[in-house]
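J.: Shown below is the structure under consideration.
The values are calculated or read from the model by the stated rules, or taken from the named source; none is laboratory data. Computed from a prediction, not measured in an experiment: that's the story for all the values here. Cβ atoms come from the backbone with ideal geometry, glycine included; neighbour counts cover every protein chain shown. Accessible surface areas use protein heavy atoms only, side chains included; no ligands, DNA or RNA. Shrake-Rupley method; radii C 1.70, N 1.55, O 1.52, S 1.80 Å.
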Amino acid sequence: MTTPIEAVFVDLAGALARSDTSARAFAELSDDGSESTHRAIARHLREVTAAYALSAANMTNRSDWTLGREGLSRKKGYNCPEDYVQALGGGGGGGTKADTRRLIEAGTMATEAEAARDRQEQADVLALEHPEAPPVEVHRPWFAPLGDAVTDGTLSAEAATAIRRGLGEVAIGVTEEMLADAVVALIAQCRILNADQAAKAARHCRDSIDAAGIASRADAMRARQYLRASTG
């Protein structure tokens, strides 16, 4: 049975198959036509990749290790979700294992961002229905804006994953709030950058955060030493 989402992409694939996408057809375009056509294809590819990433995350969730042998990838004969998702790409169209991991990572960010939005909407509804109740604090992952950016087409899945990896993880002196602020700034900066440039920008941003944290901890240490010396 064909699912509604599957039907959309079956129709898209059929439309592409019926169109003339030969090298000759591209060669006959004007310079402006070549540029606008390439941009249109890139937009389409970004939207398709966003859906592809969400699908990869869905397959991974259905293959969670806690499900054991009932996990989807295990039931299909694969040791891990990455192998299964990679195999579903097909022999001629499947990417590398690294490509698959990036795809799953982007889809997972988008999925978690959507889940956080849903939780917030539910909390807002409860707050309206029960104004006397204490407010419900909804945790939103610091990288959630990257997931939103993938879904709405602001960033490619590759650029979003590059930013996420470049910023790294929460650490001593590096809080979720710091990384959340950095994500917002980087999304605005990377709208016009490719994934390589986005990765470089994210690494530079993390270096700046780490340097500021080191300086802050050094100032705090000097303040404590001064306090001990003045009260000793």
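J.: For Phe26, what accessible surface area do you get with a 1.4 Å probe? Give it in Å², rounded to 10.
T.: In the full protein context, Phe26 sits at about 90 Å².
J.: Of the candidates His44, His130, His139, which one comes out as most mobile in a Gaussian network treatment of the chain with C-alpha springs shorter than 10 Å?
T.: Evaluated over the chain, the most mobile residue of the options is His130.
J.: Can you figure out the FRET efficiency of Gln189 with Thr3, using R₀ = 30 Å and their beta-carbon distance, to the nearest 0.05?
T.: 0.20
J.: Separate question: Calculate the dipole size of the chain relative to its Cα centre from +1 charges on Lys and Arg beta carbons and -1 charges on Asp and Glu beta carbons; express the result in debye to the nearest 20.
T.: 960 debye
J.: Mind grabbing the accessible area of Ile41 for me, 1.4 Å probe, Å², rounded to tens?
T.: Probe radius 1.4 Å; accessible area of Ile41 about 80 Å².
J.: Mean residue ellipticity at 222 nm from the helices of the chain, using -39,500 (n - 2.57) per DSSP H segment of n ≥ 4 over the full residue count, to the nearest 500 deg cm²/dmol?
T.: -24000 deg cm²/dmol
J.: Further question on the same structure: Using 1/(1 + (r/R0)^6) with R0 = 30 angstrom and r between the beta carbons of Glu114 and Asp20, what's the FRET efficiency to the nearest 0.05?
T.: Values: r = 38 Å, r/R0 = 1.25.
Efficiency at R0 = 30 Å is approximately 0.20.
J.: How much length would be gained if the chain were fully extended between Asp32 and His139, taking 0.36 nm per residue of separation minus their Cα-Cα distance, in nm to one decimal? Provide the component values of the computation, followed by the final result.
T.: Details: separation 107, 0.36 × 107 = 38.52 nm, distance 4.70 nm.
Taking Asp32 through His139 to full extension adds about 33.8 nm, to one decimal.
J.: Here's a follow-up. Please list 3J(HN,Hα) in residue order for segment 69-76, calculated via the Karplus relation 6.51 cos²θ - 1.76 cosθ + 1.60 where θ = phi - 60°; whole Hz, with x for glycine and proline.
T.: Taking θ as phi minus 60°, the curve returns 6, 7, x, 4, 5, 5, 5, 8 Hz for segment 69-76.
J.: Around Tyr78, which amide H atoms from residues at least 5 apart in sequence, or from another chain, sit under 5 Å from its own amide H, with H modelled in the peptide plane?
T.: Under 5 Å from the amide H of Tyr78: no residue qualifies.
J.: For segment 60-187, what % of the accessible area comes from carbon and sulfur atoms, probe 1.4 Å?
T.: Working: 3930 of 7330 Å².
Ligands and nucleic acids excluded, carbon and sulfur give 54 percent.
J.: Once R0 is set to 41 Å, what does the formula 1/(1 + (r/R0)^6) return for the Cβ-Cβ distance between Ile172 and Asn61, expressed as a FRET efficiency to the nearest 0.05?
T.: With a Förster radius of 41 Å, E is 0.85.
J.: Under a 1.4 Å probe, what is the accessible area of segment 1-156 per residue, stated in Å²? Don't skip to the answer; put the middle values down first.
T.: Values: 10510 Å² over 156 residues.
In whole numbers, segment 1-156 has 67 Å² accessible per residue.
J.: Now for a separate question. Quickly work out the Ala212-to-Leu88 label distance, labels modelled 7 Å from Cα along the C-beta direction, and quote it in nm with one decimal.
T.: Label-label distance for Leu88 and Ala212, simple model: 4.0 nm.
J.: Taking Rg and Dmax of the Cα atoms in Å straight from the coordinates, which label in (1) 16.1, 47; (2) 23.1, 85; (3) 18.4, 65 is the correct one?
T.: Read-out taken from this structure: (2).
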